[in-house]
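These notes are about the structure you will find just below.
The values are calculated or read from the model by the stated rules, or taken from the named source; none is laboratory data. Just so it is clear, the structure is predicted and the values come from calculations on it, not from any experiment. Here the Cβ positions follow ideal geometry from the backbone for every residue, glycine too, while neighbour counts run over all protein chains shown. Each accessible area value is taken on the protein alone, full model and side chains, heavy atoms only, with ligands, DNA and RNA left out. Shrake-Rupley method; radii C 1.70, N 1.55, O 1.52, S 1.80 Å.
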Protein chains: 2
Amino acid sequence: MPIFNLDERLARDTTLLTRLGLCQLRLMHDSRWPWIMLVPQREGICEVFDMTPLDQTMLTFETAMTAKALKQVTGCDKINVGALGNQVRQFHQHLIARSEGDAAWPGPVWGHGEARPWDDAARTDFTTRLLDAL
Amino acid sequence: MPIFNLDERLARDTTLLTRLGLCQLRLMHDSRWPWIMLVPQREGICEVFDMTPLDQTMLTFETAMTAKALKQVTGCDKINVGALGNQVRQFHQHLIARSEGDAAWPGPVWGHGEARPWDDAARTDFTTRLLDAL
């Protein structure tokens, strides 16, 4: 696989959980929601159409697989999937488990209030169950 | 193709532009951003993983194709792609052309202020150029 450099801000805001076929699966440093991220391990990808058709398909399957596991583990009402990239241009796809009445419901989580760090026990519990479900 | 019923709120907030292989391509009734939507013409789809793998792949290709046309036509800085569904559960994917300094920049558009209707000439111009680019 060619060299892949993770954007500095993504590196600071997230922790690597595992590598899938195409993407790194990373945990967002914000415990207000179960919030994970897929980052294709490719250089120079900004928009979805910058990827090859095969990589696009891989991203789709990894998104679906990860979203299903996230829903199963959290029992949430809805998975939010988004690739915005206004602040960080390296392509990254958010997956967030949303439940009625959560801190930003029914609005989006991006830009809402301040991140709340995970405590170690809760993070270990969540990430263990998520990786088991994958 | 089996019967497909569009959610009432999506029908009210958007206008059909064209039908692609899987999705309806629809224009959002908000001229603050070039903002379009893909809705797979399938019944009972809420999450991306509710679709068959083939439909997921179709959605991906239609997303990439539409995002590329939207960027080409608008010259925007970044395409935002998102499937949230907190308010409307029928699966729908937003594509929004974002530019530095726009009304919500760098935050998300969802839930930001009040929609501003298109005037007829601007809508015709935008949609004609978008459909030509597709």
Query raised in the report: Looking at the range A:27-44, which of its residues are closer than 15 Å to residue A:91 by Cα and surrounded by fewer than 21 Cβ atoms within 10 Å (Cβ to Cβ)?
Result: A:41, A:42, A:43, A:44
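Residue by residue through the range A:67-88, note down the ones that are more than 17 Å from residue B:91 (Cα to Cα) and more than 7 Å from every other protein chain (Cβ to nearest Cβ).
Keep residues of the range A:67-88 that are more than 17 Å from residue B:91 (Cα to Cα), which gives A:69-70, A:72-75, A:84-88.
Within the range A:67-88, A:69, A:70, A:72, A:73, A:74, A:75, A:88 qualify.
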Query raised in the report: Is one or more of the residues making up the range B:89-110 open to solvent by 40 Å² or more (accessible area, probe 1.4 Å), within 10 Å of chain A (Cβ to nearest Cβ) and among the charged types (D, E, K, R)?
Result: yes
Query raised in the report: Hey, does the range B:64-85 have a residue that's outside any strand (DSSP E or B) and within 19 Å of residue A:78 (Cβ to Cβ)?
Result: yes
Requested in this report: Give the residues of the range A:82-134 that are in contact (Cβ under 8 Å) with a residue 24 or more places away in the chain and on the phi > 0 side of the Ramachandran plot, sorted by residue number.
Outcome: A:85, A:113
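May I ask you to verify whether residue B:22 is under 20 Å from residue A:78 (Cβ atoms), more than 7 Å from chain A (Cβ to nearest Cβ) and either in contact with a Phe, Trp or Tyr (Cβ under 7 Å, 6 or more places away or on another chain) or in contact (Cβ under 8 Å) with a residue 12 or more places away in the chain (or both)?
Values: under 20 Å from residue A:78 (Cβ atoms): no; more than 7 Å from chain A (Cβ to nearest Cβ): yes; either in contact with a Phe, Trp or Tyr (Cβ under 7 Å, 6 or more places away or on another chain) or in contact (Cβ under 8 Å) with a residue 12 or more places away in the chain (or both): yes.
Spelling it out, it is not the case that residue B:22 is under 20 Å from residue A:78 (Cβ atoms), more than 7 Å from chain A (Cβ to nearest Cβ) and either in contact with a Phe, Trp or Tyr (Cβ under 7 Å, 6 or more places away or on another chain) or in contact (Cβ under 8 Å) with a residue 12 or more places away in the chain (or both).
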**Report entry** Scan of the range B:27-38 for residues that are under 17 Å from residue A:82 (Cβ atoms) and part of a strand (DSSP E or B), ordered by number
**Finding:** B:28, B:35, B:36, B:37, B:38
Requested in this report: Among the numbered conditions (1) in a loop (DSSP other than H, G, I, E, B); (2) under 14 Å from residue A:84 (Cβ atoms); (3) not aromatic (Phe, Trp, Tyr), tell me where residue B:117 comes up short.
Outcome: (2)
Report task. Could you please let me know if residue A:55 is buried (at least 18 other Cβ atoms within 10 Å of the Cβ), in a helix (DSSP H, G or I), charged (D, E, K, R) and at pLDDT 95 or above? Result -> yes
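For the range B:2-26, which residues satisfy the criterion of being open to solvent by less than 30 Å² (accessible area, probe 1.4 Å) and in a loop (DSSP other than H, G, I, E, B)? Before you say what the answer is, go through the steps one by one.
Going through the range B:2-26, the residues open to solvent by less than 30 Å² (accessible area, probe 1.4 Å) turn out to be B:10, B:14, B:22-26.
B:22 - this is the single residue of the range B:2-26 that is open to solvent by less than 30 Å² (accessible area, probe 1.4 Å) and in a loop (DSSP other than H, G, I, E, B).
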